[in-house]
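Structure record follows, encoded as structure tokens.
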Amino acid sequence: MRSELPPADTLRDRALRYLPRLREGERFSHATALALLGCPIRVPKGQPVDVSSPARIGRVSCAGVTGHRHSTPARHHLCLSPDYDFDIPVSDPLHAVREAALALPFPELVVALDFLRFRDPRRYDPYLYVSPGDLARSVTEVTGRGAVRFRAAVALAREGAESRMETLMRLAGARAGMPELRLQAELHDAEGRWIGRFDAVDDKTRSAFEYDGEQHHTSRRQRRRDPRKHQAARDAGWRLMVFYQENLLDDPVGAGRRMLSFSGRPGQPVRPSLARLLDERSGDGTESAVPFTGFGVQHDPLR
């Protein structure tokens, strides 16, 4: 174990503080496992650390920890972290989403799944990836409480969202009945020249949607590049709508309706049960479960 650890400001940090106390066979579970895996979810402020123990040794009961039990053997994942020289035992990534299905607001489940589906060469843990086949198997295996929520989240998960806010932008469109969008779309002009990559596009109406995050303002290079990219897309016949933090957090339903109106598409029917799930929110009494890295990929601290 390395001597220097970050302050215990997030659920992930609190879990790292508790790590030396794990007993043989125990692992981090539920939202805590997702935090250690790097999922940019939001949790209640000061949320206790989730620790799951095998039945033979009994569950943990102490301040700052919520104890759980798991069967033996049970699926687990050895998480790699730059803060430690050895692996950290956590629930299998998809099992952790299932464990958290009742505790987290529904959009957080989709945020976690999008993160797990995204291939990012900059991740410290190169083994962390959930394939479409993994998702398909998990849907057939899940039972019990939270199964309906988990299956609905899997149905909405997509590969290509590079940040929490990109996932929330896509879910805002889904809530309004927006047809499926192509994510991380590479656009070219009529001569085949590359214009750039856009967060989400509707090819049929040549509508492009972008989330303008903090890195767009703090990175001088990106601040200069974005206007050129956007103008080139317009010159090539694409229409562009840019969303900011307040658009997606303060009025996600309105943001989705704006996407639909902007594209000119008729809205697809949204089942009332799915609409209720998508309307769930992480309120002001929440915090990011992971530290903000300033990296721009998925670790977005916004609610």
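The values are calculated or read from the model by the stated rules, or taken from the named source; none is laboratory data. In this text, all values refer to a predicted model and were calculated from it rather than measured experimentally. Cβ coordinates were reconstructed from backbone atoms using ideal geometry, including for glycine residues, and neighbour counts include every protein chain displayed.
Scanning segment 63-73 for residues that are in contact with a strand residue (DSSP E or B) (Cβ under 9 Å, 6 or more places away or on another chain) and either surrounded by 12 or more Cβ atoms within 10 Å (Cβ to Cβ) or modelled with pLDDT of 90 or more (or both) yields Gly64, Val65, Thr66, Gly67, His68, Arg69, His70. State yes or no: is Arg98 in contact with a helix residue (DSSP H, G or I) (Cβ under 7 Å, 6 or more places away or on another chain), free of Cβ contacts under 8 Å to residues at least 40 places away in the same chain, over 16 Å from Thr10 (Cα atoms) and in the same structural domain as Arg145 (by TED's automatic domain parsing)? It is false that Arg98 is in contact with a helix residue (DSSP H, G or I) (Cβ under 7 Å, 6 or more places away or on another chain), free of Cβ contacts under 8 Å to residues at least 40 places away in the same chain, over 16 Å from Thr10 (Cα atoms) and in the same structural domain as Arg145 (by TED's automatic domain parsing). Of note, Ala31 does not satisfy the criterion of being in a loop (DSSP other than H, G, I, E, B) and aliphatic (A, V, I, L, M). The helices (runs of 4 or more DSSP H) found wholly in segment 60-151 and carrying at least 3 residues that are under 20 Å from Gly25 (Cβ atoms) occupy 93-99. With respect to Ala176, determine if the residue is hydrophobic (A, V, I, L, M, F, W, C), under 22 Å from Asp114 (Cα atoms), surrounded by 15 or more Cβ atoms within 10 Å (Cβ to Cβ) and touching a helix residue (DSSP H, G or I) at 6+ places or on another chain (Cβ under 7 Å). Here the answer is yes, as Ala176 does meet what is asked. In the set (1) in contact with a strand residue (DSSP E or B) (Cβ under 7 Å, 6 or more places away or on another chain); (2) surrounded by fewer than 23 Cβ atoms within 10 Å (Cβ to Cβ), Val49 fails one condition alone, (2). Taking residues in segment 263-287 that are at positive phi, and partners anywhere that are among the β-branched types (Val, Ile, Thr), the pairs with Cβ atoms closer than 9 Å and at least 6 places apart or on different chains are Gly264/Thr205. Restricting attention to segment 56-89, the residues that are in contact with a Ser or Thr (Cβ under 7 Å, 6 or more places away or on another chain) and either closer than 18 Å to Val111 by Cβ or of a type in the set (Gly, Ala, Ser) (or both) add up to 1.
For segment 74-96, the set of residues classified as surrounded by fewer than 12 Cβ atoms within 10 Å (Cβ to Cβ) and among the acidic types (Asp, Glu) consists of Asp85 only.
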